[in-house]
Amino acid sequence: MPQLDVTTFVPQIVWLVISFTAMFLVMWKVCVPRIGGALEARQKKIEQNLERAADLKAEAEAAVETYEKALAEARATAHEEIAKVQADLKAKQDAEEAKLSQSLHAKIKEGEAAIDKALRDALAGLDAMAAEVAQAACERLTGDAPDSAAVNKAVADAAKARQA
């Protein structure tokens, strides 16, 4: 192996120094500045993206805040409208209920008046019917027809006693 030959050590070391120095200079003057520039550009781009993301986040938060505020206002308005509609419906219901109540009271009074009239007519007819029944019963029991004025007076006296 030629690398291990002691007679060739000095030229190998010289060429090692020359090639190392040449490579070092090429790396130092050409490659490292390009790599450094690329890293700086990349870092700058990352910082710009982070700033842009922070701005977008702030805009999004402002939009969410505006949305929530508008939503709260809409809910409040909806609640007010619902309360207003409920109050209107309650007022209409109360008015209809009052009107219906008046109508029912009028019908009840009419019904009571009709019942009173029918009762009076029935009672008036009852006295006449009682007189006829009493007269027929007396005639049947005694065989003679009693005086209708006396029978009517006895029935009227019995009706007055019943009412008292």
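Considering each of F20, F9 in turn, give the residue that is assigned to a helix (DSSP H, G or I), at pLDDT below 95, surrounded by 10 or more Cβ atoms within 10 Å (Cβ to Cβ) and of a type in the set (F, W, Y). Break it down into steps so the answer makes sense when it comes.
On the way: F20 fails: at pLDDT below 95.
So the residue among F20, F9 that is assigned to a helix (DSSP H, G or I), at pLDDT below 95, surrounded by 10 or more Cβ atoms within 10 Å (Cβ to Cβ) and of a type in the set (F, W, Y) is F9.
Among the residues of segment 130-146, are any surrounded by 11 or more Cβ atoms within 10 Å (Cβ to Cβ), of a type in the set (D, E) and at pLDDT below 95?
Narrowing segment 130-146 to residues surrounded by 11 or more Cβ atoms within 10 Å (Cβ to Cβ): 130-139, 145-146.
So of that shortlist, the ones also of a type in the set (D, E) come out as 132, 139.
Imposing the further condition that a residue be at pLDDT below 95 reduces the set to 132, 139.
Checked against the condition, which is being surrounded by 11 or more Cβ atoms within 10 Å (Cβ to Cβ), of a type in the set (D, E) and at pLDDT below 95, segment 130-146 yields at least one hit.
Do we find that G125 is surrounded by 10 or more Cβ atoms within 10 Å (Cβ to Cβ) and either at pLDDT 90 or above or of a type in the set (V, I, T) (or both) in this structure?
No: the conditions fail for G125.
Given the options Q48, Q3, name the one that is assigned to a helix (DSSP H, G or I) and loosely packed, with under 10 Cβ neighbours inside 10 Å.
None of the other options fit; the residue is Q3.
The values are calculated or read from the model by the stated rules, or taken from the named source; none is laboratory data. What you see is a predicted model; the values in this text were computed from it and never measured. Every residue, glycine among them, receives a Cβ derived from its backbone with ideal geometry; neighbour counts consider all protein chains shown.
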